[in-house]
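The values are calculated or read from the model by the stated rules, or taken from the named source; none is laboratory data. What you are looking at is a predicted structure, and each value in this text was computed from that prediction instead of being measured. Glycine also receives a Cβ, built like all others from the backbone with ideal geometry; neighbour counts cover every protein chain displayed.
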Amino acid sequence: MLTGDNADTARTVAALLGIERVMAGVLPDGKAAAIVSLQRQGHRVAMIGDGINDAPALAQAEVGIAMGSGSDIAIETAAITLMRASLHGVADALALSNATLRNMKQNLLGAFFYNAMGIPIAAGILFPFTGTLLSPVVAGAAMALSSITVVSNANRLIRFKPSSARRGSRVTPAVADS
C-alpha cells in the first residue's frame with residue numbers, strides 16, 4: 001500500500017485489509033517514483049487514487065484507477081474511473097473487462113468459422129459435387145445473420161452483474177488517501 005497518510009493510519013488500514021507491505025507519508029513524486037521502481041523490477045502496476053497528489057502516479061502506472069468522487073485531475077489522468085466510492089469497483093471493473101475480452105474472443109472465433117465455411121460455399125466449392133450455387137440473396141441473408149449473431153452475443157454484456165453487485169455490497173473504504 002502506497003499512501004500519503006501517516007504511518008499509524010496506514011498500518012491500521014493495511015492490517016484490516018491483509019496488506020503486508022506499507023509505504024506511508026509518501027509525497028506525490030514519491031508515489032510516481034515507487035511505481036517506476038516496481039516497473040523496473042518487472043511488475044505491472046495499477047494505481048488507485050482520488051486526489052490531485054495521485055495524478056503523477058496514476059499517469060505512470062500501466063492502469064490508473066480514479067475514484068469518481070475524487071479530484072477532476074485524478075479522473076482525467078486515470079484510464080478507469082469508478083463511479084461509486086467503493087474499492088469493490090476495482091474487482092467489478094476487472095470482472096467486466098474479463099467478460100468483455102471473453103465475449104470478443106467468442107465473436108472472433110465464431111466469425112472465423114463462419115467465414116471459413118461461408119466464403120468457399122459462396123465461391124462455388126459445392127457446385128462440382130451437388131450442382132448448387134449460392135444465390136446472392138441467400139449470401140446476403142447469411143451475412144446479416146452473422147452480424148445479428150455477433151451483436152446479440154455482445155449485448156449479453158448489458159446483463160453482466162459483477163459479484164459485488166450480486167451480493168448487494170455497498171461497503172466504502174474506512175480511510176481514504178488524500
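General remarks:
- Every residue from the stretch 155-169 that is modelled with pLDDT of 85 or more, more than 16 Å from the chain's Cα centre (by Cα) and of a type in the set (Lys, Arg): ARG156, ARG159
- Note on the stretch 1-29: residues that are in a loop (DSSP other than H, G, I, E, B) and within 20 Å of LEU87 (Cα to Cα) total 10.
- Residue under evaluation THR81, criteria (1) surrounded by fewer than 24 Cβ atoms within 10 Å (Cβ to Cβ); (2) part of a helix (DSSP H, G or I); (3) touching a helix residue (DSSP H, G or I) at 6+ places or on another chain (Cβ under 8 Å), criterion not met: (2)
- Residue match in the stretch 86-102 (condition: at pLDDT below 90, touching a Lys or Arg at 6+ places or on another chain (Cβ under 8 Å) and under 29 Å from SER163 (Cα atoms)): yes
- Only residues that are surrounded by 17 or more Cβ atoms within 10 Å (Cβ to Cβ) and more than 23 Å from LEU38 (Cβ to Cβ) were counted across the stretch 84-106, and they come to 4.
- Pairs, first closer than 16 Å to ALA154 by Cα and assigned to a helix (DSSP H, G or I) in the stretch 93-120, second hydroxyl-bearing (Ser, Thr, Tyr) and at pLDDT 90 or above, C-beta under 9 Å, six or more apart: ASN107/THR149; GLY110/THR149; ALA111/THR149
- Of the residues in the stretch 107-114, not one is surrounded by 14 or more Cβ atoms within 10 Å (Cβ to Cβ), at pLDDT 90 or above and either within 23 Å of ALA34 (Cβ to Cβ) or outside the structural domain of ILE158 (by TED's automatic domain parsing) (or both).
- Hits in the stretch 49-74 - residues which are of a type in the set (Val, Ile, Thr) and either buried (at least 24 other Cβ atoms within 10 Å of the Cβ) or modelled with pLDDT of 90 or more (or both): VAL63, ILE65
- Whether a residue is in contact with a helix residue (DSSP H, G or I) (Cβ under 7 Å, 6 or more places away or on another chain), modelled with pLDDT of 90 or more, assigned to a helix (DSSP H, G or I) and not charged (D, E, K, R) was assessed, and ALA32 passes this test.
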